[in-house]
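Here's the structure, in structure tokens; my notes come after.
FYI, it's all coordinate maths here, none of it is from the lab. Small disclaimer: the values here were computed from a predicted structure and weren't measured. Please note: Cβ atoms are built from the backbone with ideal geometry, for glycine as well, and neighbour counts cover all protein chains shown.
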Amino acid sequence: MKGILTTLNGAAIAATVASWLFSSIFSIARADEGMWLPVLVQERIGDMQEKGFRLDAEDIYSINRASLKDAVVLFGRGCTGELISGEGLLLTNHHCGYSQIQKHSSVEHDYLRDGFWAMSRSEELPNEGLTVSFLDRMEDVTDAVLAGYSEGMGETQRDSIVKANSRILIDKAVSQGKGMEADVEALYYGNQYFLFVYRVFRDIRLVGAPPSSIGKFGGDTDNWMWPRHTGDFSIFRIYAGKDNNPADYSEDNVPYTPKKYFSISLGGVNEGDFTFVYGYPGRTQEYIMSEGVRYISEISDPHKIALRSLRLDIQDRYMSRSQAVRIQYSSKNAGVANSWKKWQGEMRGIRKMGTVEKKQEYEKRFAGWADGTRYAGIVQKLDSLYRLLEPYSYAADYYNETARTVELSRFATAYTGLRNKAILTSSEDRADSIRAEMAGLAETFYKDYYLPIDRESFIAVMDMFDRNVPAGFKPEYFVRSMDKYGSAAVWADSLFGNSVFADSTALAGAIAAASAEGPDTDITVLADDPAAEFGRAFEEWYMEGILPVRRRLSREITLLYRDYMKGQMEFEPEKDFYPDANLTLRVAYGSVQGYSPADGTYYLSSSTLEGIMQKDNPEIFDYDVPERLREIYRTKDYGRWAITGADGKKTVPVCFIATNHTSGGNSGSPVINADGNLIGINFDRVWEGTMSDIVFDPDLCRNIALDIRYVLFIIDKVAGASHLLDEMSFSE
Ligand code: ARG
Ligand code: GLU
């Protein structure tokens, strides 16, 4: 890592050489591991080209000319998307557009169930609040951010210097154009700082989505697993003002003309092919110490999984009984289920790899090397801080997975907060806009609220809170309520039975009655509501009893990590380090490759329509193939999308896997071939490799992509929206 390494002293060099012999055995990042910063891609381009890439670094990232980076966007706040036409057409995953598709759906227009296709521009659906961000540039600003800081100053002083300097850089960057946003991000725990400047578009319309029986085929049964057959894509269009700049939604806006968009490869994908994923991975922790990993795999993951299992069982039971409830809870359920399943894979992967033990051993060697250097004692200090932190992390995990999942209380808290603001403000305009926000909040909440699910979930998670959170860590309010009611079930009857938030008419009535007596009564009535009280009491407990300690200890840990990180780089100077993911644009490259998940089993690297039909079962919701697709299969009407399958017969490609190092946030990322053309859309990882946010195993970690030819086949043959293909450009 240039710029970070300081000179080693003699003793350290001797220790390095000695430990190198041991450490090199497993510490050298295997080629496919890594999420690299595009601006530094020239450091990797030799390796990429050796592995088959035919373009150069400037084609990937350039500030002087249009490059692939200009066709890759941050979609919303946690997915990636890519431009595929000169008229702002954008591809992402079905699960990334899911909440938008859900919001436009009702029992009459069930776009989740039936799909949605705008047959003309005027039918494209606007999505309030949805944004798409283009990275304008990224810059190493370490020197500017640390200007005025010198070693020996306290951390508080360092913090305020970093903050003030970052502010100046950000303000300058955003003043340079319409819709600009900027962030300064710490990399390597604050050993380096980068400025990221974005241009953010705000008028993003839904163009098309397949039915869930394609876009979410396999559902949560197949989620995080291979072999996979999910047509996980949706299509949006970016609109801009007449000057091609970001603008709020308006009928007068026009499709955005991008600097660059992907050409789509029709050439297909083969085992061994070079692949490159360009996108926004959210969060990884590859360099944390054994204690941090142990907490995740032995404590946090198992408890969170158990809590979510309870809620998922309840949701599934009600959703299977009613289509209306299924629509209401589909998006919420998917979110709960997704991490639930990932944590299971992650926990097993960490255990299987023996990561805790391996890290402990590494830490021993590191400590030996560090002896007598400025890094001496770091590992022990981190270790004891982790032990102090553990009960607080545990309480926080419990808070997040229990009290904070009670929908009624979340709504009551948010609503009451707004109501107070509206009453306290002296500006009539401001009060009006807050009231509009409240109305919107209530409308969204009631549209998707089903009380029996919430009440049963409350009972289940509160029971577990009672059993598993140690006495000294429970909120007093909680202890009092359990004493008073005797059980979570009786408490739930009272809370859900007496809250005016439980029903929109009751809420409106209560507000009207209280307002008649004056605004003070109004606030009291809402604040005294049991659902609001529940939210407030837990929040106070968390904010006063848990968070401050957690913050203080985490801060100390992060600080030590800054040194530990730097120490690791000196300890292993031959290793290529990449910064942990932090939802900034990254390059991950590798190749299309199958894997062996277990002894005696080998998974091929691609799947086809045959697999969809093998799974077809009208009795199983997740595997109910849509009739149109069955018909196409029967008549083999594949048109230009046919390929020859392993058995020599005609079929259609569906998904493939590769060795790219990806994470949550990489959903929707373009999967690119050696010539820079689009071959797929990233959407998942394999179950056996989900520990890659913490530790990457080149034998087991695979990303899962949708073959772009399946996307085109669905648009063309199933949706009958081939007019969209006319906008795209293709290459062999
Ligand atoms: N596992 C993928 C990801 O992390 C896909 C999630 C889609 N959601 C679902 N519950 N099936 O985002
Ligand atoms: N499905 C994930 C997402 O939404 C990407 C898969 C992953 O975590 O690797 O970002």
(request) Considering Cα pairs under 8 angstrom that are at least six residues apart, work out the relative contact order of the chain and quote it in whole percent. (result) 24
(request) May I have the extent of the alpha carbons of the chain along their three principal axes, as whole Å values ordered from largest to smallest? (result) 75, 73, 57
(request) Pop a pseudo-label 7 angstrom from the Cα along the beta-carbon direction at both residue 613 and residue 316 and give the gap in nm to one decimal. (result) 3.0
(request) Output the antiparallel fraction of DSSP beta bridges having both residues in the chain, as a percent to the nearest 5. (result) 95
(message) Straight-line reach only, C-alpha to C-alpha below 17 angstrom: list the aspartates and glutamates that residue 421 could link to, leaving out same-chain residues fewer than 8 apart.
(response) 429, 432, 437, 520, 522, 528
(message) What's the ranking of 209-221, 35-47, 529-541 by average number of surrounding C-beta atoms within 10 Å, highest first?
(response) 209-221, 529-541, 35-47
(request) Return the sequence-ordered ³J(HN,Hα) values of the range 110-118 in whole Hz as given by the Karplus equation 6.51 cos²θ - 1.76 cosθ + 1.60 applied to θ = phi - 60°, using x for Gly and Pro. (result) 8, 5, 5, 6, 9, x, 9, 9, 6
(request) Using a 10 Å cut-off on Cβ atoms, rank the peptides 419-427, 450-458 from the highest mean neighbour count down. (result) 450-458, 419-427
(request) For each cysteine in the chain, check whether another cysteine's C-beta sits under 4.7 Å from its C-beta; list those where none does. (result) 655, 701
(message) Run the helix sum for the chain: -39,500 (n - 2.57) per DSSP H stretch of 4+ residues, divided by residue count, reported at 222 nm to the nearest 500 deg cm²/dmol.
(response) -14000 deg cm²/dmol
(message) Can you compute 3J(HN,Hα) from phi for each residue in the range 45-60, using the Karplus curve 6.51 cos²θ - 1.76 cosθ + 1.60 with θ = phi - 60°, rounded to whole Hz and x for Gly and Pro?
(response) 4, x, 5, 4, 5, 4, 8, x, 5, 10, 9, 10, 4, 5, 6, 7
